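S.K.: I have a structure I would like to understand better, so I am pasting it below and will then ask my questions one at a time.
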Amino acid sequence: MNYQWVSPVQVVPKKSGMTVMKNQHDELVPMRIQNSWRATHKDHFPLPFIDQVLEKLARKSHYCFLDGFSGYMQIHIAPEDQHKTTFTCPFGTFAYTRIPFGMCNAPSTFQRCMTSIFSDLLQECMEVFMDDFTVYVDSFDACLENLSKMLTRCIDINLVLNFKKLRFHGD
């Protein structure tokens, strides 16, 4: 393992029972700076404008809101880049194989992936804002049909959703 990238962390239990790791500055994953240049180049992939998404939804009568389960952690980190996520804790030294919450490019990377995966459904019947998915239409039957398309795609690519956060709304 390449220890040039290692960051110290402490394990912090959460009320939900999950464990979160933070470093001494309370950052989830630190921004590393070496020799006055940033080791991580900021990815400027655009996120949707929320006001435009809400404007589209306002004209529809049926919606289904879904949430990706641990969204970023579903995206694999390229093996040649995993060493850049190295951290040390009382249990040893490790590197992430999937994107953890808190990495500076996690939102852009996830948005790019979701935009690519759902490109044919976006703008027509669904929107994606990072790990929040919205299916919207004007009828119950169309909502079920488009939701089925979206869920089939999730199954095909092994994208896991948090069904505890599923919300359906219709007139």
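S.K.: Go through the residues of the stretch 157-166 one by one and say whether even a single one is surrounded by fewer than 17 Cβ atoms within 10 Å (Cβ to Cβ), of a type in the set (Phe, Trp, Tyr) and not in a helix (DSSP H, G or I).
M.R.: no
S.K.: Right, another one. Taking the stretch 91-140 on its own, how many of its residues are of a type in the set (Gly, Ala, Ser) and not in a loop (DSSP other than H, G, I, E, B)?
M.R.: 4
S.K.: Considering only the stretch 140-157, state which residues are touching a helix residue (DSSP H, G or I) at 6+ places or on another chain (Cβ under 9 Å) and in contact (Cβ under 8 Å) with a residue 12 or more places away in the chain.
M.R.: Arg153, Ile157
S.K.: Now for a separate question. From the set of residues in the stretch 105-156 that are of a type in the set (Asp, Glu) and within 28 Å of Asp43 (Cβ to Cβ), which is surrounded by the fewest Cβ atoms within 10 Å (Cβ to Cβ)?
M.R.: It comes out as Asp156.
S.K.: So the check is Cβ under 7 Å with 6+ separation or different chains; which pairs have a first residue in the stretch 100-117 that's over 15 Å from Thr85 (Cβ atoms) and a second one that's modelled with pLDDT under 90 and among the acidic types (Asp, Glu)?
M.R.: Correct list of pairs: Ser108/Asp43; Phe110/Asp131.
S.K.: Give the number of residues within the stretch 90-103 that are surrounded by fewer than 17 Cβ atoms within 10 Å (Cβ to Cβ) and either modelled with pLDDT of 90 or more or within 28 Å of Phe49 (Cβ to Cβ) (or both).
M.R.: 4
The values are calculated or read from the model by the stated rules, or taken from the named source; none is laboratory data. Quantities reported herein were computed from a predicted structural model and do not represent experimental measurements. Please note: Cβ atoms are built from the backbone with ideal geometry, for glycine as well, and neighbour counts cover all protein chains shown.
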